[in-house]
Amino acid sequence: GLVTNADAVGQVGTISSGDMLKIYLRVVKGVITDAKFKTFGSVYTLVASDMLCDLLITNTVENALLIKNTDIIKAMGGLPENKMHVADLAQAVVADAIDDYYKKLNELDQKKEKLKKRRIGRRNERSL
């Protein structure tokens, strides 16, 4: 599924490589309040994505980065040896999404700063 107007989007893998994971996060005051995913790959990729979303919701952005592939494997009740890479993908998509979140926050802060400077400039012009 999708999170409309997601605050963060992460994507790892490619369809051509066999596994692709895309995650959408809603973040309110630094806490992940919703997480949805789209995935392409095996049933293990699907389950890892679903477990990851469960692990993310109610976590802070900072704590989300602490979720490791082993946490995902444990939440899944284990993985066959030849499918361990899906937990690595799930861990990587979190890092990609959080990176996106911080980039968007930085862009928002820059826009706010520009608006603030414009307002100050207009006040100075009026006082002349």
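The values are calculated or read from the model by the stated rules, or taken from the named source; none is laboratory data. On a predicted model such as this, the values are computed, not experimentally measured, just so you know. No Cβ is skipped: glycine too gets one built from the backbone with ideal geometry, and neighbour counts run over all protein chains shown. Protein only, heavy atoms only, side chains kept; ligands, DNA and RNA dropped before computing areas. Shrake-Rupley method; radii C 1.70, N 1.55, O 1.52, S 1.80 Å.
Compute the normalised compactness of the chain: alpha-carbon radius of gyration over 2.2 N^0.38 Å, N being the residue count.
Dividing the Cα radius of gyration by 2.2 N^0.38 Å gives 1.36.
Where only protein heavy atoms count, and the probe is 1.4 Å, what is the accessible area per residue for the stretch 36-77 in Å²?
On a per-residue basis, the stretch 36-77 sits at 54 Å².
With the full set of protein chains in place, find how many percent of the accessible area of the chain is carbon and sulfur; take the probe as 1.4 Å.
That share works out to 53 percent.
Which one, Leu55, Gly41, Ile72, projects farthest toward the positive side of the charge dipole computed for the stretch 28-72 from Cβ point charges (K/R +1, D/E -1)?
Result: Gly41, furthest along the dipole toward the positive end.
Using each residue's phi in the stretch 50-63, evaluate 6.51 cos²θ - 1.76 cosθ + 1.60 at θ = phi - 60° and report the 3J(HN,Hα) Karplus result to the nearest Hz, with x for Gly and Pro.
Along the stretch 50-63, the couplings run 5, 4, 4, 4, 4, 5, 6, 5, 6, 7, 6, 4, 5, 5 Hz.
Using a Gaussian network model on the chain with a 10 Å cutoff between Cα atoms, which of Met20, Met51, Met84 fluctuates the most?
Maximum fluctuation in the GNM of the chain, among the listed residues, is at Met84.
Tell me the angle of helix 85-127 to the major Cα principal axis of the chain, expressed in degrees between 0 and 90 and rounded to the nearest ten.
Around 0 degrees separate the two axes.
Averaged across orientations, what area in nm² does the convex hull of the alpha carbons in the stretch 53-105 project?
Numbers: hull surface 14.4 nm².
It is 3.6 nm².
Please tell me the relative contact order of the chain in percent, rounded to the nearest whole number, where contacts are Cα pairs under 8 Å and at least six residues apart.
The value is 26 percent.
What does the charge add up to near Ser49, with Lys and Arg as +1, Asp and Glu as -1, over the other residues with Cβ less than 15 Å from its Cβ? Working shown, then result.
Values: positive: Lys22, Lys36, Lys38, Lys83; negative: Asp19, Asp34, Asp50, Asp54, Asp71, Asp88, Asp96.
The answer is -3.
Could you work out [θ]222 nm for the chain from helices alone, using -39500 (n - 2.57) per DSSP H run of at least four and dividing by all its residues? Round to the nearest 500 deg cm²/dmol. If you can, show how the numbers build up before the last one.
Values: 4 runs with 69 residues, N = 128.
So the calculated ellipticity at 222 nm is -18000 deg cm²/dmol.
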